[in-house]
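The values are calculated or read from the model by the stated rules, or taken from the named source; none is laboratory data. Predicted model only: the values in this text are computed from it and were never measured. Glycine gets a Cβ as well: all are built from the backbone with ideal geometry, and neighbour counts include every protein chain shown.
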Amino acid sequence: MKIKRRGILFVVSAPSGAGKTTLCREAMKKLKGVAFSISYTTRPARPGEREGVDYRFVKEETFLEMVEKGEIAEWARVYDHLYGTPLPPLNQAIEKGEDLFLDIDIQGASQIKAKFPDDTVAIYVFPPSLKTLRERLTHRDTDPTPEIKKRWEKAEEEIAMYPFFHYFIVNDNLEEAVEYLANIVNAERHRINRIQELKW
Ligand code: 5GP
């Protein structure tokens with residue numbers, strides 16, 4: 001038999017320091033047929049980051065032009081820089097029955113959920129404890145920089161947003177967290193209401 005279904009947008013959000021990016025990358029190695037949505041950002045590339053693989057690095061002017069033209073599905077200012085998800089790959093993935101991971105912040109998650117209510121699965125990643133989060137954000141034995149303090153305050157605000165998501169994962173043990181994420185993906189792929197066509 002052949003089943004044609006719509007693609008799913010798996011939005012994964014977390015407070016900074018919860019280990020979300022590693023979790024997404026590891027889960028993608030395990031799962032077949034999930035691609036990663038590559039965002040545009042105005043922040044400079046960090047060492048080791050590759051253009052078109054981690055992000056598409058653009059000037060603020062270019063970014064705002066794309067917003068103006070309606071080419072961006074959602075966007076937000078996160079820690080002084082702009083980040084946005086390109087729209088055409090989302091529409092294509094949904095139409096072709098391909099699944100995408102969106103590693104985006106909570107403001108972006110709410111925009112995607114509102115725009116694609118039937119095709120979005122929103123997953124919230126919790127750090128194992130606030131103590132762990134604080135340790136991951138600060139380097140022990142040093143005073144937190146204003147930047148780290150800002151991230152910490154934002155993290156507390158973001159944790160309060162969890163009721164808005166469909167699923168949660170506690171990222172304590174990475175291997176276990178990857179398994180839970182894969183379980184969510186596989187279960188969502190088997191929801192009856194995603195079937196568009198059934199052929200025998
Ligand atoms: P970083 O600069 O550390 O890569 O990312 C900072 C934050 O921006 C993270 O929470 C990340 O998930 C979020 N982010 C990355 N891409 C996007 C995007 O396209 N849209 C939104 N709203 N947030 C994003």
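Below are the figures for this structure:
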item: Restricting the stretch 94-117 to residues that are acidic (Asp, Glu) and either more than 10 Å from Leu9 (Cβ to Cβ) or modelled with pLDDT under 95 (or both), the residue that is surrounded by the fewest Cβ atoms within 10 Å (Cβ to Cβ); result: Glu95
item: Strands (runs of 3 or more DSSP E) enclosed by the stretch 1-64 - at least 2 residues per element that are modelled with pLDDT of 95 or more and within 13 Å of the ligand (Cβ to nearest atom); result: 9-13
item: Selection from the stretch 65-85 of residues that are assigned to a loop (DSSP other than H, G, I, E, B) and among the basic types (Lys, Arg); result: Lys69
item: Any hit, the stretch 105-112, residues being free of Cβ contacts under 8 Å to residues at least 12 places away in the same chain and within 15 Å of Ser16 (Cα to Cα); result: no
item: Subset of the stretch 86-134 [within 14 Å of the ligand (Cβ to nearest atom), out of contact with any Asp or Glu (no Cβ under 7 Å at 6 or more places or on another chain) and of a type in the set (S, T, N, Q)]; result: Gln107, Ser110, Thr120
item: Looking only at the stretch 142-173, and only at residues there that are part of a helix (DSSP H, G or I), among the hydrophobic types (A, V, I, L, M, F, W, C) and under 16 Å from the mean Cα position of the chain (by Cα), the one that is farthest from Val185 (Cα to Cα); result: Ala155
item: Residues of the stretch 145-200 satisfying the condition of being farther than 23 Å from Thr132 by Cβ, without any contact (Cβ under 8 Å) to a residue 12 or more places away in the chain and aliphatic (A, V, I, L, M); result: Ala187, Ile192
item: Qualifying residues in the stretch 123-132 (those that are more than 11 Å from Leu181 (Cα to Cα) and in contact with a strand residue (DSSP E or B) (Cβ under 7 Å, 6 or more places away or on another chain)) - the one modelled with the highest pLDDT; result: Phe126
item: Pair list, Cβ < 7 Å and 6+ apart or interchain, from the stretch 36-55 residues that are polar (S, T, N, Q) to residues that are assigned to a loop (DSSP other than H, G, I, E, B) and more than 9 Å from the ligand (Cβ to nearest atom); result: Thr42/Val58; Thr42/Lys59
item: Hits in the stretch 118-141 (condition: surrounded by 15 or more Cβ atoms within 10 Å (Cβ to Cβ), among the small types (Gly, Ala, Ser) and not in a strand (DSSP E or B)); result: none
item: Contacts under 7 angstrom Cβ, first residue in the stretch 1-22 being under 21 Å from Glu49 (Cβ atoms), partner near the ligand (Cβ under 9 Å from one of its atoms) and among the aliphatic types (A, V, I, L, M), 6 or more apart; result: Val12/Leu102; Ser13/Ile104; Ser13/Ile106; Ser13/Ala109; Lys20/Val12; Lys20/Ala14
